[in-house]
Structures are given as C-alpha cells and as structure tokens.
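The values are calculated or read from the model by the stated rules, or taken from the named source; none is laboratory data. Remember, predicted model here, so these are calculated numbers, not experimental data. In this analysis, Cβ positions are derived from the backbone assuming ideal geometry, glycine residues included, and neighbour counts consider all displayed protein chains.
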Amino acid sequence: MPPLVELRDVSKSFGGVHAVVDASVSFARAGIHGIVGENGAGKSTLSKIISGVYEPDEGELIVDEEPLRFHSPRDALATGIATIAQEIALVPKATVEENVMLGIESNTAGVVRRGDVRRRFNALNERTGFRLRPTARVGALRTAEQQKVEIMRAIARDARMIVMDEPTAALTRDESDRLLEIIRQLAAGGTAVLLISHYLDEVLSVCETVTVMRNGRIVRTSPAANETPQSLVNAMVGREITLEYPSKKLRPEEAPVVLEVRGLTRGRELDDISFEIRAGEILGLAGLVGSGRTEVARAVFGADRVDAGEIELEGRPVRLRSPRQAARHGIAMLPENRKEQGLVMIRSVRENVTLATLGDFSEAGLVNGLRERATTRRLASELAIRTPSVDAPVVTLSGGNQQKVLFAKWLVRPPRVLLADEPTRGVDVGAKRQIHELIVELADQGMAVLLISSELEEVIGLAHRVLVMRRGRIVAEYDSEQATMDRVMAAAFATEAVA
Amino acid sequence: MSAEPVAAQQPPWMRVVRSVNLRDYGIVVAFLALFIGLTFSTNTFFTQNNFANILDQWAALGLLAIGETICIIAGVFDLSTGAMVSVTAVVACKVALSVSPTMGLVAGVATGLGLGIANGIVIHLTRINSFIGTLAMAIVYAGVAILITGGNIVTVTDSSFGAIGQDMGLGIKYTGWTFIAFTVFAALLLARTTFGRYVYAVGGNAEASRLSGIRVDVIRGACFALSGLAAGLAGMLLASRTQSAQANLGAGMELTAISAAVVGGTSILGGDGAVWRGFLGIMLLAIIGNGFNLLNINTTYQQIVYGGLILIAVAADQLLRRRA
C-alpha cells in the first residue's frame, strides 16, 4: 500500500537557523509512527510542516501520492491530517459535544439540529470507546479527558492522520498510560498517528516505526522492534562535534562557595533542588525543555515565589523575594527569552545597558548622560557589540548583538552570581563563540556561573560540573571528566545510564 | 557590513532626511502645515489675542493630555481623568466656601493627586487591566462628585477664588501658564530623570523591567498619580474660571485627552512617545477647532476630522512598527 504522507528532501530554516535539513520519510496509512530527538533537533518543525503550520523552503510534501502545498492547518485538515497541539485548544466554557462538533454542527439554514448532532456524537463515542459525557463542561475535565475531546474532535473531522506533539508531557504517569492506550485503539481502528515524545520507553512501547532526528536531519527510520532506549540515545547524540569550546580554566577546589541553594521547592515544577556554586565555577544545568531548569534560575533570582527552600550567599542566608532584591545582592539573570523577558526592544542600546544600574549614573534622580554614554561605549567595545550607535534601538541589532547587550546590562556592575539561561539561543556561530569566551572569562574573574542550555554540547563544553534535571528534580551530577553526552542524555531521558 | 558604502555615497543631508522618519515627525508636519495655512487664510489666526485664547480654552484638556501621554508611555490608560476633574473642581468650590478661597484651590489640586494615587493602589492590588480599572474608578468618582454637590451647581462668590482662572500675566492667562509650566515639568521629568527612564522601560517591556530590578507597579502608580495631579490642576482651573462647579464638569474630557496623546504620535503600545507630543497633539486639535471657527465652517465636520486623525495616527504607528 502506498504511504499516506511522504516527505522528500524537505528543508526549513528560520532566519539562518536550519531547523530541518533534507528530511525524507514516509508515514504509513495506519499504525503509530514515533519521532524522537534532542531539544531543537527539528521534531516539532517537521511535524508542523506535515500539519500545515509551516511551508517547507525546499522539498516536497506528498499526500496520497500527490504533491501538495499546505498554506495553513486548515489545508492539512481538509486532506485529513489533524494536529493535537502541546497546548490544548478547546473552548473551556462549552460542553464536550459543542467542542467536538464546533464548526461542523448539523444545521438547517444556520439552526443547529440538536438531535442529529447528538446522534453523531454518540456514534463517535462508540467508535473511539472514550465514553465521554456530551454535556460535561470541558473546563471542568482533567487534562487527559480534554485530550480525548481533542482527539474526538479530530476524528469528527474525518482525520486519517493525527499528529501529536508531546501529548503526555503535562500528564501524570497514570494519565499517560491511559492516553497511550487510546492511541493504540485509534491506530487499531485504522487512523495513522504521528507521535512526538521525549519519553523513549513510551515511544518504544506504542510505536511500530521510529524516526530519530539530530540537528535537523533524519538519522534513521526503523521498526521500533529493532531499537532500544540506548540505541535511540546513541543515534540522537551522534559523534560529530560542531563547535570548539574555549579551554576550561581549572577551578581551585578550595575556592569559597558563593551560592548555596538548599531544598528549593515550587509546586510541581521544582522538587527539593539543592546545589552550590563556587567562585570561578561554571555549573551546567542540563535537562529537557520543561524539566525545571529555567524555574531553578527564576526561583534563585526571586522572579517566582517558592514554597520552600533556603539560599545562602557567601555563607550568609538571604531572602530573595523579588528580582530587585536579588540584583542588590549581586545576582544577575539572563532570561531565556531575550525579546520577551530580557530587553526593551524599542529602546536604545544605551537605555537597555544602564537599565538595571541607572542609579549609578544619576545624581538626585537626574541621569548623567555623559557618564552613561561613556560606560555603554566601553562595554560595547569590550563585548564587541556591533551597533551603528549606542542610541540605536535594540530591535535593529542582530540576535547575537542583542544577547551581548543583555550581558552588558549585568556587567555594568559585575555580579557575584550569573544565572545564564540559554545564553546562545538563536545566535550565529561567531557570536556564540564570543559569548562562550565571555562566560569562561567571567568565571575566571571569580564569578559563580549557572549555565542553562538546551544544547548539551554547550553545557558539557563549558561547565566544570553538570547537573541533570528531569521532571523538576536533579537526577544526576557529573564532574567535567564524567560528563559525556551519553551519560547526560541518558539521565535526562531516564534510560538506563551506562555507568 | 555591506550597508556602509551605500550610505557613504549619499550626501550628508540625505542621511539626515532618512534618519528623520515620518513616524517621528508626522505630527510636526501636520501641525506646521495647518498653522501656516491658517496664518495665510485668515487675518485673525496669527494674533496674540487668538493664541492667548486658545491656550486658555485648552489649558484644562492640555493638562489631561500631558497626564495621559505619561500613562500611555508607561503602558497604561487612565480613563478616570474626566471624572477626577469633576471631583476636584467640586471639592475646590466646597472648600473655598467652607474654609477659604486659597485653601479651596489647594484642596482641589491635592484631591486630584490623591485620587490618582488611589488609582495606582487599586490597580496594583486588584491586578486588573488599567483600562477597566480606571473606567470603574471613573464611575466611582463621578458618583462621588454627585454625592458632594447633591446634584446642584456650587458657586463661589468671593472673587479671589477666580484669580488664577481669570487673570492674566505677560499677555497669557494664568490658566495657560499653569499648562505650560506642567508641560515643562513633565517633559523634564520624562527626558532627564531616572524615573522618566523607567517609565519608558516599563511601557516598552514590563517583564524585562521587572527582571532588571524595577518596581513596575510603583512606576505605573506614580504615572497615575501624575495624571491625577494634572486632573487636579485642570479641575482647579475650571472651577476658578467660572467660580463654580458641577458634578458633570469633566465628563468625557478623558477621551479628548487620550485622542490628543495618540494624535501626537505616542504609541498606544507603550514605551515610546514624548511629552512634547502630547502638547503638540492637543494644540493640533485646538487649532483645528480654532480654524473651523475662524473660517466659519460648520463645526459638525470637526468631529469627523478628529476621528479621522486618530485613525490615521494609530494606523501609521502600527504600520511603521511592523516594518521596523
């Protein structure tokens, strides 16, 4: 039987970043096909090409042996490809039935024929075996039930293929198991399922076929029966080294502890997080997206409230309830999303650089423009920020230079602790190397650095010590020699670590 | 960089023209065009008497427009300014009657400041959107004004109460001077002080500002306080000018003030704009109204022109932002 969907040499880039490169893969008419890969390997982009969110830059998308172009998810839906997104997109106030039938209600001249709608709904309920109550409000349902509604909605629209991006990420173990059972039933009923997941055991238990991606490329597609969690991890990591890292400066073992964190707990996001960073040390924090890495930095910086936990700075307990207090204690945070959390994009380089320390440039509330300009120019040249002038709006700078502006903001008054969350995200290779050198140099000057990155290479390449997080907990710690891609990845994905 | 050689080939004036974009100075061009047009098409426009009159008539709205400009730059709206004008004017008259005319004037301004601070606190505590928050406060204030007056006009007969609203110095009425002084004060505050810098930062990106150690609610609260102060001054001037006040005195003024801020080129998305823009915005509305009068055009058309101007200003802002 010909495949339902096929990709031929598909590529897609975003502003110079190659998200998917020369991907060729075909999806059968029935059964469950898994896609696995590291953060940023291109899984989501690939699935969004299939579901019509993105158009490929190159290559062909073939459905039923016919090359097609999807301009929107609507086009994909018209050919029977439905998507269930990471964030549930239902109308919470409406009932299950209303959500399932939204936009496809049986009607006569716009008047809904309720009886007919109910009859169709019952048929769907029968077919999927979900046994959902049609009159229940969706907002009152649990996440797993809401996902059933989403799935039923897709089937009501005659979906032949359902794309699921991380459907179990927000679920408890129990709920995940139930959802996987539903996915199996769907496949048994003749619907093709494309499942993207971080959980390798999950993928291996339900999928017939698994595709592994790395750096936007497809490494291989093979029957799940031929794979083990370890073989998948090996394929995801690969052996290529794409970047060189500045040599690590040795950290004196007796250097004083600058930051000590004990028992940091926040809801279900952070569970009893404890660690310490010494002067001059770069501590790497690895883990999958959503494992709680960012939440650690935000909790230490006082950006989010915590339920429990203690923080000591140079041996003294401190209470940090706001970023303002943290900054006053000499803690700086480079947030993961520079556009939304880091910079005031429409304001100038100068205004952004001095924002956190404006008091240093003013007397009696009046800003001293000359001193401010001089300091901004000095930092701009030290960090090699390429900008037409210090008065240019930050939005006109390239990603790498924007990131350097963010660094400059916290280097006006060098902090004792630097929490760097994804410091090289969306930055070109040249700027990346400069930022790596900068981090190493800052640590060498005695700063305690917490480095969070989705790029495992970066964490391993720069950090003196690596902590691995999974589901809100620190699950492993490796020193510089022990930290290998395999080990860290295995800990992050919870496969059996090769000791 | 490949862009540099191209720029170097252009004559210097070209570069200056390019750096001055339409968005920045559209309001200036519009204002000057109308100003020059009216100067030549009438012989009553370009007279000291006319200018003094315009300033006097638009002083109260001008004060509100400056307050709104500050709020909009900080990323919030203040829909309560009109109602605050009513309350402050009524309070000024009542205190003038029961204590003394001078104390009445002072009480009016102080009341405005107090109500503005109350806006800031309420919005901080309830965490509701400023648009809805100040709308609700406006309804409360309007009710308070009716409570104080009992629905009647409050009249102050002591002529010393009317001095600031009616007398003149150096060819301009004190109302105009108050407006100009507040404009200069606000302009310096925004352009030169750390507070001003924070206003722009908070409006441009509240989360980034918070993560830079800025107390976002304190800054926005201070902006509401300034807007309240402006409303207090406006209410005091209006009360003094007619030596009377009633509960609906300021009703609807906030909409004209917000229009002026927006027409002046202050972005409703926050983080961008200037006090002089608010000033020029209200002056543009003023001379349009003045022009209709002097040219004997049916003033009904004025509304249509005002509405059209707001649409043009906001559309231009969004278009140019998207392109940037």
Filter region A:473-494 for residues that are under 14 Å from A:LEU285 (Cβ atoms) and not in a helix (DSSP H, G or I) and give the result.
-> A:ARG473, A:ILE474, A:VAL475, A:ALA476, A:GLU477, A:TYR478, A:ALA483
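Give the residues of region B:263-298 that are part of a helix (DSSP H, G or I), out of contact with any Asp or Glu (no Cβ under 9 Å at 6 or more places or on another chain) and within 15 Å of B:ILE72 (Cβ to Cβ), sorted by residue number. Working first, answer last.
Quick first cut of region B:263-298, residues part of a helix (DSSP H, G or I) only: B:263, B:275-294.
This time we only want the ones that are out of contact with any Asp or Glu (no Cβ under 9 Å at 6 or more places or on another chain), so: B:263, B:275-277, B:279-294.
Scanning region B:263-298 gives B:VAL263, B:VAL275, B:TRP276, B:ARG277, B:PHE279, B:LEU280, B:GLY281, B:ILE282.
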Just need a number here: residues in region A:393-433 that are assigned to a loop (DSSP other than H, G, I, E, B) and either on the phi > 0 side of the Ramachandran plot or at pLDDT 90 or above (or both).
-> 8
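Could you please find all residues in region B:225-245 being crowded, with 24+ Cβ neighbours inside 10 Å and of a type outside the set (Gly, Ala, Ser)? Explain how you work it out, then say what you get.
Keep residues of region B:225-245 that are crowded, with 24+ Cβ neighbours inside 10 Å, which gives B:226-240, B:245.
B:LEU226, B:LEU229, B:LEU233, B:MET236, B:LEU237, B:LEU238 - these are the residues of region B:225-245 that are crowded, with 24+ Cβ neighbours inside 10 Å and of a type outside the set (Gly, Ala, Ser).
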With A:LEU397, A:LEU419 as the choices, which residue is within 13 Å of chain B (Cβ to nearest Cβ) and either touching a residue at least 60 places away in the same chain (Cβ under 8 Å) or charged (D, E, K, R) (or both)?
-> A:LEU419
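Going by what's in this entry, would A:ASP428 be described as out of contact with any strand residue (DSSP E or B) (no Cβ under 6 Å at 6 or more places or on another chain) and farther than 27 Å from A:ALA326 by Cα?
Numbers: out of contact with any strand residue (DSSP E or B) (no Cβ under 6 Å at 6 or more places or on another chain): yes; farther than 27 Å from A:ALA326 by Cα: yes.
Spelling it out, A:ASP428 is indeed out of contact with any strand residue (DSSP E or B) (no Cβ under 6 Å at 6 or more places or on another chain) and farther than 27 Å from A:ALA326 by Cα.
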Assuming A:GLN402 fulfils every condition listed in (1) closer than 23 Å to A:HIS329 by Cβ; (2) within 14 Å of chain B (Cβ to nearest Cβ) apart from one, which condition is it?
-> (1)
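How do the strands (runs of 3 or more DSSP E) wholly within region A:249-323 filter down when requiring 2 or more residues that are more than 29 Å from A:GLU441 (Cβ to Cβ) and touching a Ser or Thr at 6+ places or on another chain (Cβ under 7 Å): which remain?
Numbers: elements: A:257-266, A:270-278, A:282-287, A:308-313, A:316-318.
Output list reads A:257-266, A:270-278, A:308-313.
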Could we say that A:VAL289 is away from every other protein chain (no Cβ under 14 Å) and closer than 14 Å to A:ILE452 by Cβ here?
-> yes
What are the residues in region B:79-105 that are farther than 12 Å from B:ALA239 by Cα and assigned to a helix (DSSP H, G or I), if any?
-> B:THR81, B:GLY82, B:ALA83, B:MET84, B:LEU97, B:SER98, B:THR102, B:MET103
Out of A:ALA332, A:ALA327, A:ALA356, sole residue that is of a type outside the set (D, E, K, R) and more than 9 Å from chain B (Cβ to nearest Cβ) | A:ALA332
Please specify each residue of region B:183-216 satisfying the condition of being more than 8 Å from every other protein chain (Cβ to nearest Cβ) and over 19 Å from the mean Cα position of the chain (by Cα).
-> B:VAL202, B:ALA206, B:VAL216
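For residues that are of a type in the set (D, E, K, R) and at pLDDT below 85, scanning just region A:119-149, find the one that is surrounded by the most Cβ atoms within 10 Å (Cβ to Cβ). Break it down stepwise before answering.
At the first step, the residues of region A:119-149 found to be of a type in the set (D, E, K, R) are A:119-120, A:126-127, A:131, A:133, A:137, A:142, A:145, A:148.
Now drop any that are not at pLDDT below 85, which leaves A:126-127, A:131, A:142, A:145, A:148.
On the way: A:GLU126: 10, A:ARG127: 13, A:ARG131: 8, A:ARG142: 11, A:GLU145: 18, A:LYS148: 22.
Here the residue is A:LYS148.
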How do the helices (runs of 4 or more DSSP H) wholly within region B:150-262 filter down when requiring 3 or more residues that are among the aromatic types (Phe, Trp, Tyr) and modelled with pLDDT of 90 or more: which remain?
-> B:174-192, B:194-204
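State which residue is surrounded by the most Cβ atoms within 10 Å (Cβ to Cβ) when the search covers only region A:359-383 and only residues that are within 14 Å of chain B (Cβ to nearest Cβ) and not in a helix (DSSP H, G or I).
Keep residues of region A:359-383 that are within 14 Å of chain B (Cβ to nearest Cβ), which gives A:359-373, A:376.
Right, trim to not in a helix (DSSP H, G or I) and you get A:362-368.
Details: A:SER362: 19, A:GLU363: 9, A:ALA364: 6, A:GLY365: 13, A:LEU366: 14, A:VAL367: 21, A:ASN368: 13.
Step by step, filter region A:359-383, then rank; the result is A:VAL367.
Give B:THR102, B:THR126, B:THR149 a once-over and let me know the one that is more than 14 Å from every other protein chain (Cβ to nearest Cβ), closer than 17 Å to B:LEU249 by Cβ and of a type in the set (Ser, Thr, Tyr).
Numbers: B:THR102 fails: closer than 17 Å to B:LEU249 by Cβ; B:THR126 fails: closer than 17 Å to B:LEU249 by Cβ.
Only one candidate qualifies: B:THR149.
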Of all the residues that make up region A:331-358, how many are surrounded by fewer than 18 Cβ atoms within 10 Å (Cβ to Cβ) and under 17 Å from A:LEU442 (Cβ atoms)?
-> 0
With respect to A:ALA326, is the statement that it is surrounded by fewer than 23 Cβ atoms within 10 Å (Cβ to Cβ) and either in contact with a Ser or Thr (Cβ under 9 Å, 6 or more places away or on another chain) or not hydroxyl-bearing (Ser, Thr, Tyr) (or both) true?
-> no
